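This is the structure, below, for whatever I ask next.
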Amino acid sequence: MKDIIIRKGTVDDIPKALDLVIELAIYEKAPNEVEVSVEEMTKNFEEKVFDFFVAEYENEIVGIALYYYKYSTWKGRCIYLDDIIVTEKHRNKGIGMQLMKAVIDLAKQERVRKLEWQVLKWNTPAIEFYKKLNTVFDDEWLNCKLVYHQLQEF
C-alpha cells in the first residue's frame, strides 16, 4: 500500500497505540485482559521499557509494532516483538509486512542475535503471515507465566 509512513513511535502516539492494543485484545477474544493505561504506557515508554514503530496512513495511525530488548544467556542481546497490530480496516494491505521489515531492519542494525515473538495457535492469518518470512515455529518450548495477582500472592 502506497502512502504508508513507517516511523518510530512517540509519546504522543501512546493513546492510539493503546486503542490498537484494545482492538487486538477484542480480536483475540480477550477484551478484559488489557490492564495497562495510557498513563502507565507513557511512563514505561519514557523509561525505555519498550519502543514501537507506527504505520501512518493519511495522518492516521493504522498500525504499530511494539518491541523491547531482552537478553538470552545463550545468544546475548535480542529483540522481542510483543505485537504487530494493524487496525482491521487496513489489514491485508501490506502494512504488517512494512512494520515487520522495520523491526527486522532495526534488529540487523543493532546486530541482535535473535528476533522472537509468539503467535496464538488458532490465529491462522498471523501464522500464514509469519510463514512468508520463513519463520521457525518452535514446538519444543512451553510458555510459562505468573500474572499480577499470582505475583502479589507469592
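Calculate the FRET efficiency for Asp82 and Lys108 from the Cβ-Cβ distance with a Förster distance of 22 Å, rounded to the nearest 0.05.
Efficiency for this residue pair is about 0.70.
To continue, here is another question. Exposure proxy check: Lys43, Lys2, Lys16 ranked by fewest other beta carbons within 10 Å?
Lys2, Lys43, Lys16
Just how large is the dipole of the range 1-145 about the Cα centre, in debye to the nearest 20, putting +1 at every Lys and Arg Cβ and -1 at every Asp and Glu Cβ?
Charge dipole, the range 1-145, about its Cα centre: 800 debye, nearest 20.
Moving on to the next point. What ³J(HN,Hα) values, in whole Hz, does the Karplus curve 6.51 cos²θ - 1.76 cosθ + 1.60 give for the range 19-28 when θ = phi - 60°, with x put for Gly and Pro?
Once θ is set to phi - 60°, the couplings for the range 19-28 become 4, 5, 4, 5, 4, 5, 4, 5, 4, 8 Hz.
I need the phi-derived Karplus couplings for the range 48-61: 6.51 cos²θ - 1.76 cosθ + 1.60, θ = phi - 60°, integer Hz, Gly and Pro marked x.
6, 5, 8, 9, 7, 9, 10, 10, 10, 9, 6, 6, 10, 6
Near His90, within a Cβ-to-Cβ distance under 12 Å, what is the net charge of the other residues, with Lys and Arg +1 and Asp and Glu -1?
-3
Along the charge dipole of the range 4-153, which of Gln152, Phe137, Tyr57 sits closest to the positive end, that is, farthest toward it, with unit charges on the beta carbon of Lys, Arg, Asp and Glu (+1, +1, -1, -1)?
Phe137
Which percent, nearest 5, of DSSP beta bridges in the chain are antiparallel? All intermediate terms of the calculation are to be shown ahead of the outcome.
Values: 22 of 25 bridges.
Antiparallel: roughly 90 percent of the beta bridges in the chain.
Is any residue of the range 65-102 close enough, with backbone N under 18 Å, to a label point placed 7 angstrom from the Cα of Thr124 along the Cα-Cβ axis, and if so, which?
From the range 65-102, the list is 92.
Given 0.36 nm per residue, what is the gain on full extension from Thr135 to Tyr68 after removing their alpha carbon distance, in nm?
On the way: separation 67, 0.36 × 67 = 24.12 nm, distance 1.92 nm.
Gain on stretching Thr135 to Tyr68: 22.2 nm.
Which whole-number percent gives the relative contact order of the range 10-91, counting Cα pairs below 8 Å spaced six or more residues apart?
Working: 95 pairs, mean separation 19.6, N = 82.
Taking the mean separation of contacting Cα pairs over the length of the range 10-91, I get 24 percent.
With a cap of 10 neighbouring Cβ atoms within 10 Å, and only residues DSSP puts in a loop, list the trypsin sites (Lys or Arg not before Pro) found in the range 106-142.
Values: sites: Lys108, Arg111, Arg113, Lys114, Lys121, Lys131, Lys132; in loops: Arg111, Arg113, Lys121, Lys132.
Passing sites in the range 106-142 are Arg111, Lys121, Lys132.
For Rg and Dmax of the Cα atoms in Å, one of (1) 15.0, 42; (2) 15.8, 51; (3) 22.4, 82 was computed from the structure I shared and the rest are decoys. Which label?
Computing Rg and Dmax of the Cα atoms in Å and matching it to (1) 15.0, 42; (2) 15.8, 51; (3) 22.4, 82 gives (2).
Which whole-number percent gives the relative contact order of the chain, counting Cα pairs below 8 Å spaced six or more residues apart?
19 percent
Rule-based calculations on the coordinates, nothing more; no lab input. Just so it is clear, the structure is predicted and the values come from calculations on it, not from any experiment. Note that we place each Cβ from the backbone using ideal geometry, even for glycine, and neighbour counts take in every protein chain shown.
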